[in-house]
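First the structure, in the form of structure tokens, and then the observations on it.
Laboratory data are not the source of any read-out in this text; all were calculated from the coordinates shown. Computed from a predicted model, the values in this text were never measured in an experiment. All Cβ positions, glycine included, derive from the backbone under ideal geometry; neighbour counts span all protein chains shown.
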Amino acid sequence: MRASARCDRGENGQRRGARAWGRACAWALAVGWLAALLPARAEEKIAVSYATVTVRSGADPGTFVNAQFDLALPAALREAVDHGIALYFAIEIEVSRSRWWWFDKILLDDAIEYRLSFSPLTRQYRLARGGLALPFDSLDQALATLRRVTQWRIGDSSLYEASNTQGRIRMHLDTSMLPKPFQVSALTDPDWILTSDWYRLTLVPERPN
């Protein structure tokens, strides 16, 4: 009787072990299947070449940012623009002050947004920021302007007065502004995932006149 009970316990343990092994295998297969469905990380198509911040006093005081981006527009997005789909690019900036006893204090969280489009009527590309729109004969000319930020005033001259103040900047394609069908494509198509890493701003001392 005792031998039979031990056999039953052994068989039950083996069955429980087999079920646990089966569940582990199934979980591993599911993870692998989901990983295969997810798009591979796209090659970086936007990078920050440089970004500086200058604090000026005098007749035109303030804190100004200059930046250059390396932006490569994939063929799918070029084709979309040529077919009348406007692309929205946002350049975000964040300035904070570090605090050893707590989280960093956010001093500034701002962005500028560009709208890149094509007009079939005039056969020109347009790059708009706010109420200002510039026409271009080619897409590459428009992109050359988009890649560069010059003298963006982000605050007064006191913004960087403390030594523990730091800023960072990035650019990304704002897919939330796309038509709905393209928003769905942007979830799975790496060509539509365009964003740079955050880049630390370099403080450049003001040059004396």
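For a paramagnetic label modelled at 7 Å from the Cα of TRP198 toward its Cβ, which residues of region 83-101 fall within the zone defined by backbone nitrogen distances under 14 Å?
92-99
Quick check: net charge around ASP104, other residues with Cβ under 14 Å of its Cβ, Lys/Arg +1 and Asp/Glu -1?
+3
Compute the signed sum of charges (Lys and Arg +1, Asp and Glu -1) over the other residues within less than 12 Å, Cβ to Cβ, of LEU139.
-1
Summing +1 for each Lys or Arg and -1 for each Asp or Glu, what net charge is found among the other residues whose Cβ lies under 14 Å from the Cβ of TYR88?
Net charge around TYR88: 0.
Using the Karplus equation 6.51 cos²θ - 1.76 cosθ + 1.60 (θ = phi - 60°), what ³J(HN,Hα) coupling, rounded to whole Hz, does each residue of region 46-59 give in order, writing x for Gly and Pro?
3J(HN,Hα) across region 46-59, in whole Hz: 10, 9, 8, 6, 7, 7, 10, 10, 10, 9, 10, 10, x, 5.
Can you tell me, using C-alpha contacts under 8 Å and at least 6 residues apart, the relative contact order of region 46-204 as a whole percent?
32 percent
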